[in-house]
Amino acid sequence: MIVTTTTVVDGRTVQDYLGIVTGEAILGANAFKDIFAGIRDIVGGRSAAYEKELRRARELALAEMSQQATDRGANAVIGVDIDYETIGDTMLMVTACGTAVRI
């Protein structure tokens with residue numbers, strides 16, 4: 001599965017547009033509790049534990065989006081956008097959105 005933020009895949013022509021696909025992952029209160037429990041992990045203003053959780057959430061959102069595209073018969077997702085939103089005081093949502101295409 002080709003996943004790209006661009007609206008084209010170099011050297012390839014879009015044959016079919018199969019619609020918008022999305023994927024979401026939510027980090028809940030337990031993830032934050034675990035992260036803050038490891039706050040000693042902060043070096044130079046960065047928290048490796050927090051970054052690891054964000055990376056995992058992003059990967060889950062992208063995998064879910066890619067699976068939706070596969071289910072529609074796509075072999076690529078173009079125009080991908082990744083957003084991070086807070087929900088309340090203790091949750092973070094990572095959303096990936098793009099257009100499923102057959103190239």
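The values are calculated or read from the model by the stated rules, or taken from the named source; none is laboratory data. For clarity, every value in this text was computed on a predicted model and none was experimentally measured. Using ideal geometry, Cβ is built from the backbone for each residue, glycine included, and neighbour counts are taken over all protein chains shown.
The condition of being modelled with pLDDT of 85 or more and among the acidic types (Asp, Glu) does not hold for ASP34.
Can you pull out the residues in region 89-103 that are in contact (Cβ under 8 Å) with a residue 24 or more places away in the chain and surrounded by fewer than 17 Cβ atoms within 10 Å (Cβ to Cβ)?
If we filter region 89-103 for residues that are in contact (Cβ under 8 Å) with a residue 24 or more places away in the chain, which is where we start, we get 90-103.
Selection gives THR90, MET91, MET93, ARG102, ILE103.
Close Cβ contacts (under 7 Å, 6 or more residues apart or on different chains) running from residues in region 77-88 that are free of Cβ contacts under 8 Å to residues at least 60 places away in the same chain and surrounded by 11 or more Cβ atoms within 10 Å (Cβ to Cβ) to residues that are of a type in the set (A, V, I, L, M) and part of a strand (DSSP E or B) comprise ILE82/VAL94; ILE82/ALA96; TYR84/LEU92; TYR84/VAL94; GLU85/MET93.
Per the conditions (1) charged (D, E, K, R); (2) in a helix (DSSP H, G or I); (3) modelled with pLDDT of 75 or more, the sole criterion not satisfied by ASP10 is (2). Looking across GLU64, GLU59, GLU53, one residue alone is under 14 Å from the mean Cα position of the chain (by Cα), modelled with pLDDT of 95 or more and farther than 14 Å from THR22 by Cβ. It is GLU59.
I want to confirm something. Restricting to region 67-98 and keeping residues that are hydroxyl-bearing (Ser, Thr, Tyr) and touching a helix residue (DSSP H, G or I) at 6+ places or on another chain (Cβ under 9 Å), which single residue is modelled with the lowest pLDDT?
Initial filter on region 67-98 (hydroxyl-bearing (Ser, Thr, Tyr)): 70, 84, 86, 90, 95.
Keeping just the survivors that are touching a helix residue (DSSP H, G or I) at 6+ places or on another chain (Cβ under 9 Å) gives 84, 90, 95.
Numbers: TYR84: 93, THR90: 75, THR95: 97.
Among them, the one singled out is THR90.
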